[in-house]
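Data block below; observations after.
The values are calculated or read from the model by the stated rules, or taken from the named source; none is laboratory data. Bear in mind that the values here come from a model prediction, so they are computed numbers and not experimental data. Cβ coordinates were reconstructed from backbone atoms using ideal geometry, including for glycine residues, and neighbour counts include every protein chain displayed. Areas reflect the complete protein model, heavy atoms only, side chains present, ligands, DNA and RNA absent. Shrake-Rupley method; radii C 1.70, N 1.55, O 1.52, S 1.80 Å.
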Amino acid sequence: MEALCKASALFPPFHSIPTNSSSSPHLHRLPKTFCLRIDGKEKVPSEEPNVPSTKSDLPGSDVWKLFSHAQRNITHINKQRLVAMKEVKRLKVENETLLENLEQLETEMKRTLIELQGRNSAGAPSLSLCELLLRIDSMVISGLLSKGDASELRKKFMESKVAIHDALGDIHHKTDGQLLSELHKISEKITKKPLHIVHICSEMDPVASYGPLATYVTGLSSALQRRGNFVEVILPKYSNINIGMIQGLSRVEAEFESYFGGQWHNNAAWIGSYKGVGIIMIEPLQYSAFFSRERSHGYSDDFERFLYFSRASMDYIVKSGKQPDVLHIHNWETAVVGPLFWDIFVHQACLIKEVQFVKKKRRQDNCALFVNGLDSTRILLTCQDFGSQCLEQPNKLELCGLDPHKLHRPDRLQNNDDTNLINILKGGIVYSNKVVVMSTIHSRERIIHSLSCGLEPTLAIHKEKLMVAPYGIDAQQWDPSRDKYIPRTYSTHDMDGKTACREALIQRLSLSRRISVVVGCIFHGKSEIDVKNLKIALQNVTRQGAQFVLMDCNSILKPLQDEFKDVKVIPRYDEPLTHLIIAACDIILCPSFDDPLLQVPLKAIKYGSAPISLSSVTDDFRNLNRQSEGHDQGSTNVYCTSSQHLEKCLSPKLLLNLRMIREGGSGG
């Protein structure tokens, strides 16, 4: 091609060919019908032109040689391209044939290995089991193991399908004590049965996230799944659900019926998963308007909507033949599952056990399901708080098949204050086997006597089944040793990164470098801002020469930046900046230590900052230095201050101690 380009550049256009006789030899290469204008006239070249004897005598013969050479090269290249294409096609066919042969060989090898394992199954494994049983005899004789315990161990390992060599390795080089310790661990795994847990709830992050319950359900489900349990979540199918986050989402072909308002109604079930956790979404067909709205809550018929969902969830469990060990219900939205379970479904199971013949096919189907396992299911209720309890008229319970006359009693669902109403959350507490209350700082006694919102008599009666669990944070996202939002990571063994974070915050927000202590405060969109206490805190901070960084998602505290000199207000929520503030600050002022949304106190502890409550609480705060799988809460040795007044929390002595810690001294 390069030769062709050169020839094209050198070859003159036909209209510029000289008209003298020396140019006539070029005409023998032109077609017979080609006309050339010579001396102003068109002339057709003759069939036998008068040409010189040799081309070397022609002027410009080098140009024709280049042109001819280029033509030959192009022809050769085209031929070679065709040959190469045929070779590629041949190699492709050979490659496919080789892959097929390789797959056949792999299949044959797997089959051979299976056959060899089957032939040796009576040899080596049984030999290992025999050796293990003899070692157990040795432990009994030496007094390490009692006869009864030895008998149980023998029975477990003889009946189990555990490969002894794979589980214990070479037992010849282990002492009886070492081997016994490993045997106990393996024995616990053999006897431990994984739990089947079904959540019935109104939200789950990131599928349907509307509040703190969503992250709680997802975090808890993931942690339980990692421990080897089987977890499923039943949700309403909202119209604005985040379908893209569900793997393998599909609609079940067959519909199922649920009872509501004196009739049976059809529902569609959608199934999928999120990070290994099964997801079932229930879509009402007759009552399609229940969950095809912009918001999940805040409507006058919220009770009817979630009453329908709770009953449909129970009917789905029965229809699908599930036999969960635990039904985990959440807040008032699904608290009615407790009365439904014990007064309708389990009650029907008892009747069916007594009456062997039932005329209606629906009840016959339910019979087999209940007898096969629902009678061993237990109910767990989680309350994020007692502020929302759902008070309704008793006769509305008839919508889902419950008897209002049996439930409108002081020891059942009757509201403690207004006795003409029923309390749905109270019903969940009464009918659950265990009740978990989410609180980071409050004890069970304080929750019962001070924070129960009218449920104190009920909680006092059911005190033994009440448990308090702290809120948690995502240990993967909030960890200073691997945080992607801070300029330099750090840990308890290397705190230099915290200094780098402080420098980055000063540079980003243009803070004064003469300030030795930085105090941060973060308000999310739902925070109740105590402006009076906040101003007192700002006065104390700025009076002591410290810098105050305030992130306000409500965008109502911007004027404070003009009122106080050393106060920097960020009028929006910024996730990366939140990480940097918590990592860089010495003190984090918290609107509340019970913060289910942002969990600023736990994050502050995790990042080595001192969390202090903004409110004037008089009781001692509990130590927040806790750890739990899936809800890791930090490992730094920072404790919450025993706070009586905000002025004492931000006293000059505390600020002086923080300065001395940074400078390498010792606080008083």
Exception for Glu283 within (1) buried (at least 21 other Cβ atoms within 10 Å of the Cβ); (2) under 23 Å from Phe386 (Cβ atoms); (3) modelled with pLDDT of 90 or more falls at (2)
So, restricting to helices (runs of 4 or more DSSP H) that lie completely within segment 495-607, which ones have at least 2 residues that are at pLDDT below 80, within 27 Å of Gln384 (Cβ to Cβ) and more than 26 Å from the chain's Cα centre (by Cα)? 531-543
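From the list Lys484, Lys498, which one is free of Cβ contacts under 8 Å to residues at least 24 places away in the same chain, under 27 Å from Val569 (Cβ atoms) and of a type in the set (Lys, Arg)?
Values: Lys498 fails: free of Cβ contacts under 8 Å to residues at least 24 places away in the same chain.
Exactly one residue qualifies, and that residue is Lys484.
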Out of the residues in segment 466-496 that are touching a strand residue (DSSP E or B) at 6+ places or on another chain (Cβ under 6 Å) and surrounded by fewer than 16 Cβ atoms within 10 Å (Cβ to Cβ), which is farthest from Thr419 (Cα to Cα)? Ser481
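A quick yes/no check of all residues on (1) open to solvent by 10 Å² or more (accessible area, probe 1.4 Å); (2) assigned to a helix (DSSP H, G or I):
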| position | (1), (2) |
| --- | --- |
| Thr215 | yes, yes |
| Gly219 | yes, yes |
| Ser258 | no, no |
| Ala268 | no, no |
| Ala289 | yes, yes |
| Arg293 | yes, no |
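With respect to Asp411, determine if the residue is among the acidic types (Asp, Glu) and loosely packed, with under 13 Cβ neighbours inside 10 Å. Explain how you work it out, then say what you get.
Numbers: among the acidic types (Asp, Glu): yes; loosely packed, with under 13 Cβ neighbours inside 10 Å: yes.
In short, yes.
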Examine segment 326-335 for a residue that is under 20 Å from His408 (Cα atoms), modelled with pLDDT of 90 or more, within 28 Å of the chain's Cα centre (by Cα) and open to solvent by less than 10 Å² (accessible area, probe 1.4 Å), and state whether such a residue exists. yes
Just one listed residue, out of Ile486, Ile424, Ile448, is β-branched (Val, Ile, Thr), more than 19 Å from Tyr216 (Cβ to Cβ) and at pLDDT 95 or above, and it is Ile424
Looking only at segment 250-279, and only at residues there that are of a type in the set (Gly, Ala, Ser) and within 17 Å of Asp315 (Cα to Cα), the one that is nearest to the chain's Cα centre (by Cα): Ala269
Looking at segment 169-213, which of the residues that are exposed (fewer than 14 other Cβ atoms within 10 Å of the Cβ), part of a helix (DSSP H, G or I) and charged (D, E, K, R) is modelled with the lowest pLDDT? Lys189
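Which one of these is farther than 30 Å from Glu152 by Cα, at pLDDT below 80 and open to solvent by 60 Å² or more (accessible area, probe 1.4 Å): Ser61, Ser53? Outline the logic, then answer.
Values: Ser61 fails: open to solvent by 60 Å² or more (accessible area, probe 1.4 Å).
Answer to the selection: Ser53.
One line per residue, one yes/no per condition, for (1) in contact with a strand residue (DSSP E or B) (Cβ under 9 Å, 6 or more places away or on another chain); (2) open to solvent by 10 Å² or more (accessible area, probe 1.4 Å); (3) assigned to a helix (DSSP H, G or I); (4) among the aromatic types (Phe, Trp, Tyr):
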residue: His405; (1), (2), (3), (4): no, yes, yes, no
residue: Asp418; (1), (2), (3), (4): yes, yes, no, no
residue: Leu425; (1), (2), (3), (4): yes, no, yes, no
residue: Val430; (1), (2), (3), (4): no, yes, yes, no
residue: Val437; (1), (2), (3), (4): yes, no, no, no
residue: Ile441; (1), (2), (3), (4): yes, yes, no, no
residue: Ile447; (1), (2), (3), (4): yes, no, yes, no
residue: Gly454; (1), (2), (3), (4): yes, yes, no, no
residue: Pro457; (1), (2), (3), (4): no, yes, yes, no
